[in-house]
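Shown next, in structure tokens, is the structure this report addresses.
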């Protein structure tokens, strides 16, 4: 998700170069991205371009679903990390409450029991 803004220019360049030389445009796009996902995307698009078959469209749908699942996992992970941070932040006032109000009572109780011995 954070890289979609970065990739937008590469996609626009791919579309602009596509009508002049589709194979070269895909090769340059693959080199510009340099990721595993970019490589698989270019291979799928190139296969679709060369052999229009329903199987390639099914493969593309499967890859899109895989990418969606990866995005959902990343979102869930980010939400979970945020909830942990919020939990820790919510615990700080509780610690201060213990330190300010309860800890003096505990110290006084220890002194009282110490004086009884």
query = Within region 1-33, restricting attention to residues that are at pLDDT below 80 and assigned to a loop (DSSP other than H, G, I, E, B), which residue is nearest to residue 69 (Cα to Cα)?
reply = 1
remark   = Note on region 42-60: residues within 19 Å of residue 27 (Cα to Cα), surrounded by 11 or more Cβ atoms within 10 Å (Cβ to Cβ) and over 29 Å from the mean Cα position of the chain (by Cα) are 49, 50
task = Quick one: count up the residues across region 34-66 that are outside any helix (DSSP H, G or I) and within 21 Å of residue 6 (Cβ to Cβ).
result = 2
remark   = Residue count, region 22-41, condition within 23 Å of the chain's Cα centre (by Cα) and in contact (Cβ under 8 Å) with a residue 24 or more places away in the chain, comes to 2
request  = Within region 67-82, identify whether any single residue is part of a helix (DSSP H, G or I), under 30 Å from residue 22 (Cβ atoms) and at pLDDT below 85, and answer yes or no.
outcome  = yes
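The values are calculated or read from the model by the stated rules, or taken from the named source; none is laboratory data. Note that the structure is a prediction, hence the values are computed from the model and not measured. For neighbour counting, all protein chains shown are included, and Cβ atoms are generated from backbone atoms with ideal geometry for every residue, glycine included.
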